[in-house]
1. Quick one: in the stretch 196-209, of everything that is within 36 Å of the chain's Cα centre (by Cα) and not β-branched (V, I, T), which residue is farthest from K178 (Cα to Cα)?
2. For residues that are touching a residue at least 24 places away in the same chain (Cβ under 8 Å) and touching a helix residue (DSSP H, G or I) at 6+ places or on another chain (Cβ under 6 Å), scanning just the stretch 48-60, find the one that is nearest to N98 (Cα to Cα).
3. How many residues, within the stretch 682-692, are surrounded by fewer than 19 Cβ atoms within 10 Å (Cβ to Cβ) and either in contact with a strand residue (DSSP E or B) (Cβ under 7 Å, 6 or more places away or on another chain) or in a helix (DSSP H, G or I) (or both)?
4. Can you pull out every residue in the stretch 647-681 that is assigned to a loop (DSSP other than H, G, I, E, B), β-branched (V, I, T) and closer than 15 Å to M591 by Cβ?
5. Quickly run through the stretch 147-202 and pick out the residues that are β-branched (V, I, T) and either assigned to a helix (DSSP H, G or I) or more than 23 Å from D118 (Cβ to Cβ) (or both).
6. Which of (1) under 33 Å from the mean Cα position of the chain (by Cα); (2) over 23 Å from H212 (Cβ atoms); (3) among the basic types (K, R) does K132 not meet, given it meets every other one?
7. Quickly run through the stretch 286-344 and pick out the residues that are outside any helix (DSSP H, G or I) and over 20 Å from Q257 (Cβ atoms).
8. Just one of K438, K420, K463 is in contact (Cβ under 8 Å) with a residue 12 or more places away in the chain and over 18 Å from N392 (Cα atoms); which is it?
Amino acid sequence: MSRKIFIIIFYFITLQICVLGQNIDSLEQQLTKVQNTDKIDLLNQLSEEYCYEGDYQKSRDYADEALYLATEINYTKGMADALMNIAEYFYAVEIFDNSAEYYLKAFENYEILEEKEDMSYCSNVAGICYRKIFEYDKSIEYHLQSLRIAEEIENDYRISAAVYSLGILYHNMNEFDKALEYYNQSLEFDIKNNDSLGIAKSYTNIGIIYRHLDNFETSKDFYNKSLDLYQKLNDTTGMAIVVNNLGFLYLDNKEFQEALKCFNKSIFYEKANKNTEGIASSLSSVGDTYLIMNKLDSALKYQLLGLELTNDPDIKKYIYESLTKIYSQKADYKNALIYHELYVNQKDTLFKLENLKQIANMQTKYDTEKKEKEISELITQKKIQEVNLKKNRIIIYSTIGGLVLFLILIVVVLSAYRLKKRANNLLSYQNAQILQQKEEIITQRDEIEIQKQEIEIKHNQIKGSINYAKRIQEAVLPRKDFIELVLPEHFIFFKPRDIVSGDFYFIKQIKNFTLIAAADCTGHGVPGAFMSMLGIALLNELVRNTEIQTPAQLLNELRNQIKSSLQQVGQVAEQQDGMDIAFCAINLETMEMSFSGAHNPCWIFRKEIRVKSEKLNVENELNEQKLLTFNYKLLTLEADHQPVGIYLKEKPFTENKIQLQKDDIFYIFSDGYHSQFGGKKNLPLKSKYFKELLSEICNLELSEQKQILEKKFNEWKGDNEQTDDVLVIGIKI
């Protein structure tokens, strides 16, 4: 029976906290008192502290500042620590290719400093990052490099980390003998260091390997050893994992009663852990066992219990498939068809692959023609330069020859006639050559001009096609008159990087709810526009679904639809397309707003009235009113650190609710504004400064806010190309 195996990969990255006993506030107060390398070291410490606390954006901001200052003064230790902190940030937000890149940059700097323990650490975590994006060759290379360095300095902790990582890697590659070899080495280190939790985890992983090798008794023995240790540690999470794996082991061996006991124990432990999805998965496993035993009523009961509990799309999909089998065997074909349709619905594709291929080909053709035009223009310039150089050389040589002949004529006046005739003949011949070469140059120039015109015609044709695509994209966005009707006080700053955009905005009124979204699709230009069309179409379909009640439910289902449409199943080398989004739903009766986001948050500025002074002597009421000041405080509705699309660690999207008040102003946006490179040092604008800008202008009229945002953006960008599509939406209640 095909079933997801619960494989637990235990690996912990220890964040080294350099300043024990100091809190973040005291560290930040010291920043104004130190300079040069001391300030860089303090910035790196703050970056580590914020990463440890889970505030990853602040951690990244401090690391960026440390790297900038360290680079300016060529402070290698500061650069190494800052690069590693940036790598830790990308690891925390699960952008593993960027994380690996920065760990290896940090490795290079630690290598200069000959700090081999940090070299081993960076190499090992780079290997983990490459494993997570399925680049196994690079993963093996960097794990082995980490192991060699750790063995060279005889560091048991780093050796243990490297061999454990190699065990996980070979486990994922289904090379079970190699995985077993490294898991056993890791177990030896755990026993040597008397690490009970590490021993229990190693026993579990070794048991899983022996199950893959069809060694029932040995696998069961290691599972039971692991269970005994977890019971001594009173670790109910570990106990739930082990008994669940034991259940599948007994199921493989057709010992159904023992399997049922294990799955029921797993349910008991998951209830203790308050893990609803774990309970649902174990209930489904009980149902599968009864299905194999042909006890269809019991199988149906447990599958329905699991379905009632779960919100996980993968578990739902599996339960739909199991219910289809159960109802089919019960000859209840009506219900079998219902659940089969629910199962198949996950795989439906909204757009044909041919449309995707045509748009991709259009983009490729456009890029190719553009590049060819640039190359052709360079070649044309080079030819003209060569022709002009040749012409000038001929003119110079001719002039010199004429002068020499003229001097000879003066010197040898007695033989002037004969020499003059010869010289005139030679000069006439040279003039004829010059005339002929001039005609050749004119002919070549005309041919080059014709080629240039042909290239421009092709370029304009392709550009015309994309402009037509732009009109289609604009047609599916909300109309301006509709937006003004639904949102009387608003602005939308929308600035695509190319002709068509990967960002889009979505505004709908459904009954007594106003729905607003700002989305940022993977890529820009034509590929991004295709993803935006897919996103708009799916959102239009999903908001009509009465079963979806909240933004979080909508994003969960949108993710399922995108994965289904793009046939994303998590395989190696498949496309990782998706979108980041901020989605708001406002109840017009209660003015309560629900929010859910993927990477992109919602910022709300709320007006507060303060009295500047109560003891001033005033002459009239007008002067007294001037003493009142208005301030705005920022309320942030956080987004989940995951995209709407295929993702290694998917989880349900979080629901945020807030009661809106009159004069509240909230903003949703893509990352295009604060990602723009520019300024004197050609750096990204950053979200910190974007937030400060909004706090400065939030009290102005919305139309004026939009003008300022556009002006500041253009000033920052300067002569640089636009980095990404830009979308900022501001709404006043």
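The values are calculated or read from the model by the stated rules, or taken from the named source; none is laboratory data. Since the model is a prediction, treat every value here as computed from it, not as a measurement. Here the Cβ is made from the backbone with ideal geometry for all residues, glycine too, and neighbour counts use every protein chain on show.
1. Step one: list which residues in the stretch 196-209 are within 36 Å of the chain's Cα centre (by Cα), which gives 197-209.
Cutting the leftovers down to not β-branched (V, I, T) gives us 197-198, 200-203, 205, 207.
On the way: L197: 23, G198: 20, A200: 20, K201: 18, S202: 15, Y203: 16, N205: 13, G207: 14 Å.
Looking at residues that are within 36 Å of the chain's Cα centre (by Cα) and not β-branched (V, I, T), I get L197.
2. R60
3. Looking only at the stretch 682-692, we keep the residues that are surrounded by fewer than 19 Cβ atoms within 10 Å (Cβ to Cβ), and these are 682-684, 686-689, 691-692.
Filter once more, keeping what is either in contact with a strand residue (DSSP E or B) (Cβ under 7 Å, 6 or more places away or on another chain) or in a helix (DSSP H, G or I) (or both): 683-684, 687-689, 691-692.
The number of residues fulfilling the criteria is 7.
4. Applying the first criterion (assigned to a loop (DSSP other than H, G, I, E, B)) to the stretch 647-681 yields 647-655, 660-664, 670-676, 679-681.
If we keep only those that are β-branched (V, I, T) too, we end up with 654.
Across the stretch 647-681, there are no qualifying residues.
5. Taking the stretch 147-202 first, the residues β-branched (V, I, T) are 149, 153, 159, 163, 168, 191, 199.
Residues satisfying the conditions are I149, I159, V163, I168, I191, I199.
6. (2)
7. Of the stretch 286-344, the ones outside any helix (DSSP H, G or I) are 293-295, 310-312, 330-332.
Hits for the stretch 286-344 are T310, N311, D312, K330, A331, D332.
8. Working: K438 fails: over 18 Å from N392 (Cα atoms); K420 fails: in contact (Cβ under 8 Å) with a residue 12 or more places away in the chain.
That would be K463, the only listed residue that is in contact (Cβ under 8 Å) with a residue 12 or more places away in the chain and over 18 Å from N392 (Cα atoms).
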